[in-house]
1. Note down the relative contact order for the chain as a percent, whole number, built from C-alpha pairs under 8 angstrom at least six residues apart.
2. If you take the beta carbon distance between residue 465 and residue 166 as r and set R0 to 56 Å, what does 1/(1 + (r/R0)^6) give as a FRET efficiency, to the nearest 0.05?
3. Would you order 434, 225 from fewest to most other beta-carbon atoms within 10 Å of each residue's own beta-carbon?
4. Could you give me the ³J(HN,Hα) list for segment 387-404, computed from phi with Karplus coefficients 6.51, -1.76, 1.60 and θ = phi - 60°, whole Hz, x at Gly and Pro?
5. At R0 = 41 Å, how high is the FRET efficiency between residue 295 and residue 99 if r is their beta carbon distance? Nearest 0.05 is fine.
6. Quick one: if the Förster radius is 60 Å, what FRET efficiency do residue 596 and residue 501 give, using the C-beta to C-beta distance and rounding to 0.05?
7. Going by C-beta contacts inside 10 Å, put 221, 642 in order with the fewest on the left.
8. Spelling out what I want: for every residue of segment 690-698, take phi, set θ = phi - 60°, compute 6.51 cos²θ - 1.76 cosθ + 1.60 (Karplus), and round to whole Hz; glycine and proline get x.
Amino acid sequence: MKKFWLIFILAFLKLNAQTYSLTGKVTDENNNPLENITISLMKQKDSAIINYIGTSKSGNFSIKIPPQNEASFLQISEDKFKAFSRKFESIHQNENLGTIKLSKELVTNIEEVKVTVSPIKIKKDTVEYNASSLKVKPDSKIDDLVKEIPGAEIDADGKITVNGKSVSKIHINGKPLFDKNGKIELETIPANIIKKIQVTTSKTKEEEFTGRAPITDSLTVNFEMNPKNKVGVTSNIRLGYGSDERYDGAIFFTKINQDSRLSLAAGSNNINAGLSGKTGSGAGIFSTTIVNATYSNKFDNFDLDRLNANYYERNSETFSKSARTTFLPDYKLDRNTERTGDRDLRRLGFSANSILKLDKFTNIIFNSNFNNNTTESTSDNQSVTLRDDVLLNSSSGYVKQKSVNNGFSQSLGITRKFQKERRTFSASVSSNVMDNSGTDYNLTTTIFHQSPEENDYRNQRSVSKNQNTDFSFNARYDEPVSDSAIVSTEITYKSLSLKNDRKVHDFDTVTGEFSTFNSLLSNTINQDINSLYAVMGYDLNKTKFRFFFNANLEINNNDFHSFFNNDNIDFRKNFIFPNYNTRFVYKFSSSKSLELSNQSDFTAPQMTALNPYIDLSNPLLTTQGNPDLKSTWRNTSSIYFVNKNLPKHITYSTSLKFSYTENNVSDFSYYDDTGRQFRTFANISGNKTLSWDSRFSKTYKWDKNEFRISPSFLTSYTHRKGFVDGVQYTNTIYNIAPKMIVRLNLRDILDLTGSANLNYNFSNYTNYRVDKTRAAQQNYTIGMVNYFLKSNLYFSNDINVTKNNNISAGFNRTSYFWNASVNYKFYKKQMTLRFNINDVLNQRQNAIRNIRDNYIEDREELVLKRYFMLSLMMNLNKFGGKKS
């Protein structure tokens, strides 16, 4: 830690060393100032970026740089204008360039120097980054490029956010490569073949073709390869073997020929990793095998967007222990559980996505998907329940399960544009069939120590068959009513059929088979849902602002037929829901905007919560539905502001969100003297949540070096009502989660990343056994890469410290996780030899505390600990007839 702060102080002092300023003003030919035009100073010999900045609202710029003894050039570039550049033999004083006019027709090139891509551009709703301006390790994949985008974060589950907005799609050259969520792409594609990264609002195929403004709030990150890399082959191979028979191997291959692309990603390891080879933070110890192949091409009027085949296999070993305290009005229940298990998953999938262009106005879109999942698992469970330290019950059991799931879906759609601009029509039909069958063997013993006559012994086989079939039709028509406004009408029909059948047989000791039918636990459920949605929308899209409003009328018809314990239960529920969604976006400038949104929607209760049958499948939990449940209504409002200030290298975003719920479906439970829980459902109103999320990023650049500081602050207030042991209570929850991330890059010397994340949770109760609960978690990380021998040799260290305050006795409060590696690049930097140690201190733990409305649970799970591995990585690329 002392070394970290020493480096930080040295960097700060470096930031305040002597610098000079290049100043000026950028206008168009009519003397109108141009805002957010990128100004870059680069080395002439290799076009390495020294520093860059954006123009202010008045067109002014001031770029600070250290003294320059070598030749450099200043570049000003914007898509609508010809590039401007000026050469400097050296810089040892302030320079005022005066007013620079950018021409749309004539090239203004004072000196003949090489003009390169700007570090960052803002084009409408798209922010484009030059990949060479983002500092990453030599062997980095594109997920490391994402982490270097100001305001971007990737959490432990792989979820990506940029300035607080979630990323839903990852594209390569405008298309998904392997899978829709981009996980494989992020882990396998090398960063050094990417030229630029574009962050934009996600669009459907229809929106891309028609030019219709997207309604979604999610983002797409598109990685554009260097044009010279669009013909050739890129391949990466990784082979590793280590202690405790740990192994890791992967191959990534892509052949590109303009519009044609063939990609293969395959790998196998037992180090809790995907194709990246990076040991994950998940629970359990597992081995994984992945094979994924994709082909795409364009032919005249036919675009084979994606033809994919994939295979996935995971074999897991798990162990967990938990301690849960449930607070009831007059006493508390403590339940301690231990579970060990094995789980094998095999998944095979095929998919095809294509577009047929009938003419310049009409597209036919076809999608098809098939998947097969097979899961086999075994588990041993032991648990005890105590009431105020008095033993009530204990349970032990062995469960063996096997399930096979097959799914097939397809859709066919047409999108039509007309001569009149922005008039469009689209229609689609889709169907989905899912078939699941499973067999479970259950051998359990439950002892009720206060009532031995109620002891429960089970040796059963359960055979289940489930089939879901759905069909949908959608049609939409857009009509422009002015040069900037569109009125849309849309209708959707959905038909869903659910068939579930479960047959349970007890073991017969006489026949030695599972031949005694158990009518109490066997059941049949058939459900038919027919829904009709009618939508009217208005979309006004001006240069400075956008406003849209959608009103939706949903009509639901639900028929429910079930057979439980030799008794037929049939009922029908009909729902009519008026919903709406509205948003207003105001653009102060191309880089600064404000969004206001409000959404109101109704949700019907699940049929399983409505069905009044009594479910006795769990000896410690009896469940019965409530047919009198009402539909849940939720209203959500939000405010979002973002400012990408290029002149000051600052990105800032903040959002405020409020949600209110009426008739929320809540558990209504009580416990008997044996500790057995009886649960039904009830409506409750008045739940509300207010949250504030604020993020800031500031980057300092000097002489090819970079320092970034990124603080964020998340806080929320939640007021929830519920029932415990038949009594209503309220829970007021305050959550505070400040976070700080700092990044330092000293070119060819050091990459350093540090973060501190604190999470505090305070719960205050009324009409409850306890008045309040408190929990706190602290997480600190340091990542450091040291470079030697012109970056051919580098050392990498990643340290993670997690501390859980208030956790129960018997659980580890503090976890130390340190990974270290030494890497050497050779053979023209195409090969890397790596020796790494996972969990150097052998101290890694996975203990967490969860606080819910009526209980607190501490949980600890099995994790992969220390191992050593020696790996060889090869990057063999050949583009344009040349090896790279």
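1. Dividing the mean separation by the residue count of the chain yields 8 percent.
2. 0.95
3. 434, 225
4. Calculated HN-Hα couplings, in order: 10, 6, 6, 9, 5, 9, 8, 9, 9, 9, x, 10, 10, 10, 9, 9, 9, 10 Hz.
5. 0.20
6. It comes to 0.75.
7. If I rank by nearby Cβ atoms, fewest first, I get 642, 221.
8. 10, 10, 10, 10, 10, 9, 9, 9, 10
Values in this text are rule-based calculations from the coordinates and carry no lab data. Not measured: the values here are computed from a predicted model. Every residue, glycine as well, gets a Cβ built from its backbone with ideal geometry; the counts of neighbours run over all protein chains shown.
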